[in-house]
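What follows is a short report on a single structure.
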Amino acid sequence: MNGKYATQILAGVLLCLSTACSSPYSAEDLQGQWTGTYLAENGQPLPEVDPEELSFTFTENGYRYEGNLNYREAGSYTLEAPYLYTTDTLNQATTEKTVEILQLSSDSLHLRMMENGAERVLKLYRKE
């Protein structure tokens with residue numbers, strides 16, 4: 001193989017790899033109002049929780065979460081794809097929480113988290 005073409009191919013592969021490794025989304029992509037559509041624990045839907053009662057609002061200044069049973073939290077967040085870190089400043093004795101973003105698009109946000117040793121997946125849609 002000609003050295004010139006090998007160098008071009010290598011440069012193309014490196015460009016593809018660097019693009020694939022970079023974050024596919026930013027904090028601006030996360031901003032907005034999100035409402036739950038699906039909640040599962042260890043792969044099984046949780047029928048006792050109405051996912052539409054679960055919502056997030058992200059702004060450039062922080063986040064707000066509203067859950068079932070009148071649970072609320074609010075505070076700051078940082079995004080280091082694929083992880084979302086939140087620190088609740090509304091409730092006492094709060095620590096930073098980490099969730100994994102499985103998908104983030106213009107209309108969908110899918111989060112994976114651990115709750116009492118069980119994996120939970122929450123799917124949300126962006127409210128207009």
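Bear in mind these aren't lab numbers, they're just calculated from the coordinates by the rules spelled out. Values in this document were obtained by computation on a predicted structure and should not be read as measured data.
Quick rundown of the values:
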read-out	value
Segment Glu96-Ser26, extension gain: residue separation times 0.36 nm, minus the distance between their alpha carbons	23.2 nm
For segment 24-126, Kirkwood radius (reciprocal of mean inverse C-alpha pair distance, Å)	13.8
